[in-house]
Amino acid sequence: HEVQRLTVVAQELNLDFGELVNTFGEMGPAMAKFDDVGRTFADLARIAKITGFEMQDILGIVEKFDTFEGAAKQAGKLNAALGGNFVNAMDLMMATNPAERFEMIRDSILNAGLSFGSMSYYQKKFFADAAGLKDVNDLSKLMRGDMDALAGATEKEAKTMDDLKEMGYAM
């Protein structure tokens, strides 16, 4: 089942299948906590393709919001940086899909009308810290690309899985 899903994801995102399988294997323990491992992995692969982040790094960013304390701390920093109540700690904590959390963090900055190019050096450093990122380079990655650009890949992957079932392939 997962091999077929990975095949579709690799094709849709134009990724090397072998590398994708290796990454899936390496991330196995970290992915085990998610309800739909295959869908979550596909979403992470899509974000990684768009932004240039490693999938493990995306998980590292969003895991800061796993607890209420962590979510409140990071949301507070982000709201202070944004100058308003743009992110909600409870919403971030309750979003169990890491791709959804990542997009919530990214959208909070973009919805405040900010772009990476318009920020001063110190704003970039402040926002990188507030978003729980390692550095300014990660902020650049977070804000790059169109998240909707490859959205069809995971939707098409789901349709293709249904097609495989209908054709009688065991899942």
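Restricting attention to the stretch 33-81, the residues being without any contact (Cβ under 8 Å) to a residue 40 or more places away in the chain and closer than 17 Å to residue 22 by Cβ number 9. Number of residues in the stretch 105-123 that are open to solvent by less than 50 Å² (accessible area, probe 1.4 Å) and outside any helix (DSSP H, G or I) equals 3. Restricting the stretch 81-99 to residues that are open to solvent by 70 Å² or more (accessible area, probe 1.4 Å), in contact with a helix residue (DSSP H, G or I) (Cβ under 8 Å, 6 or more places away or on another chain) and assigned to a helix (DSSP H, G or I) leaves a set whose member that is farthest from residue 58 (Cα to Cα) is 90. Restricting the stretch 135-147 to residues that are free of Cβ contacts under 8 Å to residues at least 60 places away in the same chain and in a helix (DSSP H, G or I) leaves a set whose member that is surrounded by the most Cβ atoms within 10 Å (Cβ to Cβ) is 139. Looking at 102, 126, which is the one that is part of a helix (DSSP H, G or I), farther than 17 Å from residue 46 by Cβ and either open to solvent by 40 Å² or more (accessible area, probe 1.4 Å) or at pLDDT 75 or above (or both)? Only one candidate qualifies: 126. What do you reckon, is residue 132 surrounded by 12 or more Cβ atoms within 10 Å (Cβ to Cβ), in contact (Cβ under 8 Å) with a residue 40 or more places away in the chain and under 13 Å from the mean Cα position of the chain (by Cα)? Considered against the rule, which asks whether it is surrounded by 12 or more Cβ atoms within 10 Å (Cβ to Cβ), in contact (Cβ under 8 Å) with a residue 40 or more places away in the chain and under 13 Å from the mean Cα position of the chain (by Cα), residue 132 comes out as no. Selection of first residues in the stretch 1-25 that are open to solvent by 60 Å² or more (accessible area, probe 1.4 Å) and of second residues that are assigned to a loop (DSSP other than H, G, I, E, B), restricted to Cβ pairs under 8 Å at least 6 apart or on distinct chains, gives the following pairs, ordered by first then second residue: 1/171; 12/150.
Among the residues of the stretch 51-80, the ones that are within 10 Å of the chain's Cα centre (by Cα) and open to solvent by less than 30 Å² (accessible area, probe 1.4 Å) come to 7 in all.
The values are calculated or read from the model by the stated rules, or taken from the named source; none is laboratory data. As the structure is a prediction and not an experimental result, all values here were calculated from the model. As a convention, Cβ positions derive from the backbone with ideal geometry for all residues, glycine included, and neighbour counts pool all protein chains shown. When the accessible area is computed, the model is the full protein with side chains, heavy atoms only, and any ligands, DNA or RNA have been set aside. Shrake-Rupley method; radii C 1.70, N 1.55, O 1.52, S 1.80 Å.
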